[in-house]
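Colleague: Got a structure for you, questions after.
The values are calculated or read from the model by the stated rules, or taken from the named source; none is laboratory data. Just so you know, these numbers come straight off a predicted model, no measurement behind them. Every residue, glycine among them, receives a Cβ derived from its backbone with ideal geometry; neighbour counts consider all protein chains shown. Accessible surface areas use protein heavy atoms only, side chains included; no ligands, DNA or RNA. Shrake-Rupley method; radii C 1.70, N 1.55, O 1.52, S 1.80 Å.
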Amino acid sequence: MREDARDAALRVNEERLWLRHAEMAKIGAIPGNGVNRAALSREDIAARKLLLSWAVQRSFTVSIDAIGNLFVRRAGSEANAAPVMTGSHMDSQPRGGRFDGIYGVLAGLEALEAMNEAGVTTRRPIEVVAWTNEEGGRFAPCTMGSMVFTGARPLADVLDVTDNEGIKLRDALAETLAATPLATKREFNSPVAGYIEAHIEQGPLLENAGKTVGVVTGIQGLRWFNIEVSGKTDHAGTTPLALRKDAMRDAVAIINALTELTDDPADVTRFTVGRMLVTPNSPNSVASHVLFSVDVRHPDPQTIKRLGEAVEPLARKAAKHCDVKVTPTLRDDPCVFDADVTNAVEAAAKGLELTHMRLSSGASHDAMYMARVCPTGMIFVPCEKGVSHNEAENATSADLAAGARVLTAALVELANR
Ligand code: HGY
Ligand code: MN
Ligand code: MN
C-alpha cells in the first residue's frame, strides 16, 4: 500500500464521521430512529445545504448539474485530469434508515478531509457526488441522477414524472436548484477516471461471516414497471359482479400471475409490489383505476431478461375485464465491477488489516450506472441483521470508519494512476 494512502486512511476521524451522520439524521427524522428524506423535498434541500456548508468550510469546490447532482471537489496536482469520483445519495425511503446512501456521501467527504489532514496530494482531482433521487421512492425510477448524468436517459425523459401528489419532477427540481444556487454548473457525462461507492450492505452476509469490509463484485439485474389497470367505478352494493370492470380485481389477478412467474424454490428471484394508487379509493365504490409498481430482480442475465419480457404478456392475459397499460421504467442488466478497482479495494482492506470478503450486491446503487462509463467498484460495511429500508437500520461507528479508511486508501491509489 502506498505510504500516502496509508497516512490518509489513518487520518479518518471516526467521531467526526459519526457526528455528521447524527447531524444528517436530524433532517427528516421519523420515530424509530429513521429518516424520511424524499428526493427534491425540503428535507433533501436541507441535507444538500448541510453538505455544502461542510464542503466550503474545508475549501473544497462545489458544483451542480442540471438534475441536481452535487459535486464536492478536492484539487489534484493535474487540474485538468479526469477526476476519480466517490459518493452515493442523500435521499431516503419514506421509512428509511440513517445510513443508506448518506454513508457513502459522508465517507467520501471524510476521505477528502483525511487527505487534507495527512497533507496528501493526488495527481487527479477527487470528487464526492451526492446523486439526485437514487431511491426512486417519490419519483420513479431509482438511480435517476446517475442515469441522467451518464447519458443512459435524457433529462427531458423524466421531467414530467409525477409523485403521489401529482407534483412534477421538473417543479421539485426547479425548487431544489433555486435553493442551492451554485456558481459552477456541471455538464452531464464529463470524463471520470474511476468511481468507488461506499454503502452499508443492506443484507446479512458480512455480519453473519464476521467480516468488516465487503469487496463488492457487482450488482444484480433489475426491471421496474408501472402497471395501470383501467375499468369503471360502480356501486359496491348494487352492481352485479358479472357487469363490473373492477380494476382492483384485475390488478390482484395480475399480481397473482406475476407471483407465480417469479416463484423460486431457491429464493434468489426478487419480486415486489411496493406502491399502489387506487381510484376512487373508497370502500363502497368499485375501483375504476389502479396503478401499481413492479420490481423484479435476479443476478443471472438470462433469467432477468426472461422475467422482464414475461411481465407485459402475463399482465394482459391475467386482466379479464379492464384495459391494461404496462410501462417499463427501469431496465438494468446485472453489472460486474472492474477488476482493477475491486482489487484496489481488496488490497486496501488487506493493507489496513481489516477482515473482508467478496460479495455481490442485491440492492442497486448509482455504481450500476457509473460502471457503464468508468472503472467502478463498491465497498460495503455491515448493517445490523442486514435490515435496511426500515427505521431500524443500524451500523456501528467503528465499521463506518473502517469502510471510510478503505475508501480513502483506494481513492488515493486510483487518483495517482
Ligand atoms: O432499490 C434499491 O436496491 C436501492 O436500495 N435503492
Ligand atoms: Mn442506497
Ligand atoms: Mn435504498
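Colleague: Can you tell me which residue among Asp295, Asp338, Asp267 is more than 16 Å from ligand 3 (Cβ to nearest atom) and at negative phi? Don't jump to the end; show me each part of the working.
Modeller: Numbers: Asp295 fails: more than 16 Å from ligand 3 (Cβ to nearest atom); Asp267 fails: at negative phi.
Of the residues listed, the single one that is more than 16 Å from ligand 3 (Cβ to nearest atom) and at negative phi is Asp338.
Colleague: Of the conditions (1) open to solvent by 20 Å² or more (accessible area, probe 1.4 Å); (2) away from ligand 1 (no atom under 16 Å from the Cβ); (3) touching an Asp or Glu at 6+ places or on another chain (Cβ under 8 Å); (4) under 24 Å from Val148 (Cβ atoms), Ala371 satisfies every one except a single condition; which number is it?
Modeller: With (1) open to solvent by 20 Å² or more (accessible area, probe 1.4 Å); (2) away from ligand 1 (no atom under 16 Å from the Cβ); (3) touching an Asp or Glu at 6+ places or on another chain (Cβ under 8 Å); (4) under 24 Å from Val148 (Cβ atoms) applied to Ala371, the lone miss is (2).
Colleague: Under 6 Å by Cβ, and 6 or more places apart or on different chains, what pairs join a residue from the range 349-375 that is polar (S, T, N, Q) with one that is open to solvent by 10 Å² or more (accessible area, probe 1.4 Å)?
Modeller: The qualifying pairs are Thr355/Lys211; Thr355/Thr212; Ser360/Thr217.
Colleague: Report the residue count in the range 199-248 for those that are more than 30 Å from Asn284 (Cα to Cα), of a type in the set (Gly, Ala, Ser) and in contact with a strand residue (DSSP E or B) (Cβ under 9 Å, 6 or more places away or on another chain). Give the steps one after another, and end with the answer.
Modeller: Step one: of the range 199-248, the residues more than 30 Å from Asn284 (Cα to Cα) are 199-224.
If we keep only those that are of a type in the set (Gly, Ala, Ser) as well, we get 203, 209-210, 214, 218, 221.
Next cut, in contact with a strand residue (DSSP E or B) (Cβ under 9 Å, 6 or more places away or on another chain) only: 203, 209, 214, 218, 221.
Total meeting the criteria: 5.
Colleague: Can you find a residue that is in contact (Cβ under 8 Å) with a residue 60 or more places away in the chain, farther than 21 Å from Met368 by Cβ and open to solvent by less than 40 Å² (accessible area, probe 1.4 Å) anywhere in the range 269-290?
Modeller: Checked the range 269-290: at least one residue is in contact (Cβ under 8 Å) with a residue 60 or more places away in the chain, farther than 21 Å from Met368 by Cβ and open to solvent by less than 40 Å² (accessible area, probe 1.4 Å).
Colleague: Another question about this same structure. Failed condition for Thr376, given (1) among the polar types (S, T, N, Q); (2) crowded, with 18+ Cβ neighbours inside 10 Å; (3) within 13 Å of ligand 1 (Cβ to nearest atom), with all others met?
Modeller: (3)
Colleague: Give me a count of the residues in the range 218-257 that are polar (S, T, N, Q) and within 16 Å of ligand 1 (Cβ to nearest atom). Can you show your working first?
Modeller: Of all residues in the range 218-257, those polar (S, T, N, Q) come to 220, 226, 230, 233, 238-239, 256.
Still in the list and also within 16 Å of ligand 1 (Cβ to nearest atom): 220, 226.
Total meeting the criteria: 2.
Colleague: In the range 334-344, how many are within 28 Å of Thr269 (Cα to Cα) and open to solvent by 70 Å² or more (accessible area, probe 1.4 Å)?
Modeller: Going through the range 334-344 one residue at a time, the tally reaches 1.
Colleague: Tell me yes or no: at least one residue of the range 88-98 is without any contact (Cβ under 8 Å) to a residue 12 or more places away in the chain and under 29 Å from Phe225 (Cα atoms). Lay out the reasoning, then the answer.
Modeller: We begin by selecting, within the range 88-98, every residue without any contact (Cβ under 8 Å) to a residue 12 or more places away in the chain; these are none.
Within the range 88-98, none of the residues are without any contact (Cβ under 8 Å) to a residue 12 or more places away in the chain and under 29 Å from Phe225 (Cα atoms).
Colleague: Follow-up. Could you check how many residues of the range 110-136 are of a type in the set (A, V, I, L, M, F, W, C), in contact with a helix residue (DSSP H, G or I) (Cβ under 6 Å, 6 or more places away or on another chain) and more than 16 Å from ligand 2 (Cβ to nearest atom)?
Modeller: Here is the first cut: in the range 110-136, the residues of a type in the set (A, V, I, L, M, F, W, C) are 111-112, 114-115, 118, 120, 126, 128-131.
From what's left, in contact with a helix residue (DSSP H, G or I) (Cβ under 6 Å, 6 or more places away or on another chain): 111, 114-115, 118, 120, 126, 128, 130-131.
In the following step, the residues that additionally are more than 16 Å from ligand 2 (Cβ to nearest atom) were identified as 111, 114-115, 118, 120, 126.
Result for the range 110-136: 6.
Colleague: Being over 21 Å from Leu112 (Cα atoms), within 16 Å of ligand 1 (Cβ to nearest atom) and not basic (Lys, Arg) is the requirement here; does Leu205 meet it?
Modeller: Details: over 21 Å from Leu112 (Cα atoms): yes; within 16 Å of ligand 1 (Cβ to nearest atom): yes; not basic (Lys, Arg): yes.
So Leu205 passes the test.
Colleague: Keeping to the range 345-363, report how many residues are open to solvent by less than 10 Å² (accessible area, probe 1.4 Å) and either within 16 Å of ligand 3 (Cβ to nearest atom) or within 16 Å of Cys142 (Cβ to Cβ) (or both).
Modeller: Counting residues in the range 345-363 that are open to solvent by less than 10 Å² (accessible area, probe 1.4 Å) and either within 16 Å of ligand 3 (Cβ to nearest atom) or within 16 Å of Cys142 (Cβ to Cβ) (or both) gives 1.
Colleague: Follow-up. Scanning the range 174-218 for residues that are in contact with a Lys or Arg (Cβ under 6 Å, 6 or more places away or on another chain) and of a type in the set (A, V, I, L, M, F, W, C), which turns out nearest to ligand 3 (Cβ to nearest atom)?
Modeller: By that ranking, first place goes to Val215.
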